[in-house]
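First the structure, in the form of structure tokens, and then the observations on it.
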Amino acid sequence: MEKRRRVINVNLIQELSLLGCKILKDEPLCKHSSFKIGGNADFFIEIPNEKALFCCLENIFSYRYMILGGGSNVLFSDNGYRGIIITLTGEFKNIEVCQKEILAGAGASVQQVLNVALKNGLVGLECVAGVPGTVGAAVYGNAGSKNMWIGSFVESVEVYKDAKKRCLNKDQINFNYRKSSLESCVITRVKFLLKKDTKNDSLSLIYTNTHNRLLSQPLDMSNAGSIFKNPIGYSAGKLIEEANLKGFQIGGAKISDKHGNFIVNTGQATSKDVLTLINLMKETIKLKFDIAFETEVKIVNDK
Ligand SMILES: Cc1cc2nc3c(=O)[nH]c(=O)nc-3n(C[C@H](O)[C@H](O)[C@H](O)COP(=O)(O)OP(=O)(O)OC[C@H]3O[C@@H](n4cnc5c(N)ncnc54)[C@H](O)[C@@H]3O)c2cc1C
């Protein structure tokens with residue numbers, strides 16, 4: 001069965017265009033990744049509404065595709081992506097508040113949702129203060145800080161799975177450290193249940209978190225956040241620092257001087273540079289501490 005066709009049917013392109021989609025051919029992925037790395041995707045489709053999403057998912061199942069949010073947790077290949085990248089815009093960026101609930105489209109920015117929550121006196125999402133990217137990706141990857149994660153505030157999630165729409169209640173979803181059971185789902189909307197702020201200390205918590213990020217993370221350089229998950233009982237960044245790897249560079253990819261678990265693009269880094277550095281870090285840590293690192297950043301192969 002042919003699963004990897006590279007050209008989308010012209011009729012489908014026309015249909016999706018009529019439904020409001022923007023379809024880009026040979027789109028450079030470096031424009032859509034916070035690492036600023038990646039070759040061209042065969043097709044890049046911006047989907048603004050549910051009807052278009054349904055049409056797209058119903059028709060592209062035989063193609064290789066992936067859903068992209070803000071691109072702050074991905075490493076694309078230098079050879080790009082043979083297939084279709086889809087991203088949610090338009091109505092998928094809407095945010096509604098109803099008492100202690102927030103209904104957010106998967107394409108909405110997490111920081112916008114946090115702002116809306118604060119304006120409405122709702123707390124809980126401080127754990128994602130400063131986390132770039134979209135609601136869909138944050139819930140998919142259970143984004144958060146050390147001890148708190150976004151999944152704890154999810155009430156229900158609307159998804160497409162195998163082109164069928166479902167609404168999953170929180171009891172039907174597992175959230176663990178930087179992962180959820182929502183793999184192979186396209187998340188479209190998330191309902192959060194928050195708490196009314198009674199102590200009014202939410203803003204100072206956000207301020208402290210943001211300030212700590214500024215001090216400890218290389219926010220002035222292109223990067224994709226933490227490269228590795230923290231192994232149980234350890235900090236990946238500290239282990240990398242103890243292995244004297246901070247500042248080590250391969251090609252244009254460098255282990256940040258500020259934070260051991262960040263790789264920065266010094267300007268001309270390729271995906272190959274980053275992957276070589278990741279392997280070196282993994283091997284060194286295994287050799288020195290007998291600890292196996294697992295990548296947090298999503299490595300997206302070209303085919
Ligand atoms: C400076 C910096 C700091 C960061 N700090 C943190 C932090 O403190 N905590 C933390 O957890 N993360 C952190 N990150 C990582 C990143 O911001 C999060 O993982 C974020 O949730 C990714 O969002 P995104 O929209 O950019 O996802 P993308 O990078 O676009 O995608 C990430 C993954 O989510 C999937 N995905 C995207 N949208 C959907 C959807 N609608 N349905 C299903 N799957 C989807 C993609 O297919 C991909 O596998 C940081 C990153 C940076 C650059």
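Quick notes
- Helices of the chain meeting both criteria, an alpha-carbon length of 20 angstrom or more along the long axis and an average Kyte-Doolittle score not below -1.0, with helices taken as full DSSP H segments, are 202-216, 271-289.
- Per residue, in Å², the accessible surface of region 207-286 once ligands and nucleic acids are set aside, probe 1.4 Å: 51
- Cα centroid separation, region 1-71 to region 95-124 (Å): 28
- What the Kirkwood sum gives for region 10-91 is a hydrodynamic radius of 12.8 Å, with every pair of different alpha carbons counted.
- Coarse-grained scattering of region 1-137 at q = 0.10, 0.16, 0.19 Å⁻¹, given as base-10 log I(q)/I(0) from a Debye sum over alpha-carbon atoms: -0.38, -0.86, -1.07
- Rounded, prolate or oblate (a/c below 1.5 giving rounded, otherwise prolate when a/b exceeds b/c) for region 219-300 by Cα gyration tensor: prolate
- For region 101-151, the per residue solvent-accessible surface stands at 34 Å², with DNA, RNA and ligands left out and a 1.4 Å probe.
- The chain, relative contact order [Cα under 8 Å, separation at least 6], %: 17
- For region 212-303: relative contact order, % (alpha-carbon pairs under 8 angstrom, 6 or more apart): 33
- Max-minus-min Cα coordinates of the chain on each principal axis give 55, 52, 31 Å, with the largest extent listed first.
- Accessible area of region 10-91 belonging to carbon and sulfur atoms, whole % at 1.4 Å probe: 53
- Pairs from the table (Lys146/Lys286; Lys258/Lys282; Lys22/Lys282; Lys36/Lys191) lying more than 28 angstrom apart at Cα are Lys22/Lys282; Lys36/Lys191.
- Max mean-square fluctuation residue, GNM over the chain, Cα-Cα springs under 10 Å, options Cys55, Cys127, Cys98: Cys98
- Charging the Cβ of each Asp and Glu at -1 and of each Lys and Arg at +1, and nothing else, the dipole of the chain about its Cα centre rounds to 220 debye.
- For region 10-91, share of DSSP beta bridges that run antiparallel, in % to the nearest 5: 40
- Accessible carbon and sulfur surface of region 219-300 relative to its total accessible area, %, 1.4 Å: 50
- Placing a label point 7 Å from the Cα of Thr276 along the Cα-to-Cβ direction, the residues of region 234-251 whose backbone N falls under 18 Å from that point are 245-251.
- Of all DSSP-defined beta bridges confined to the chain, some 75% are antiparallel rather than parallel.
- Linear extension gain, Ser145 paired with Asp197, 0.36 nm per residue minus alpha-carbon span: 16.7 nm
The values are calculated or read from the model by the stated rules, or taken from the named source; none is laboratory data. Remember, predicted model here, so these are calculated numbers, not experimental data. Neighbour counts are summed over all protein chains in view; Cβ atoms, including those assigned to glycine, are modelled from backbone coordinates with ideal geometry. Heavy atoms of the whole protein, side chains included, go into the accessibility calculation; ligands, DNA and RNA do not. Shrake-Rupley method; radii C 1.70, N 1.55, O 1.52, S 1.80 Å.
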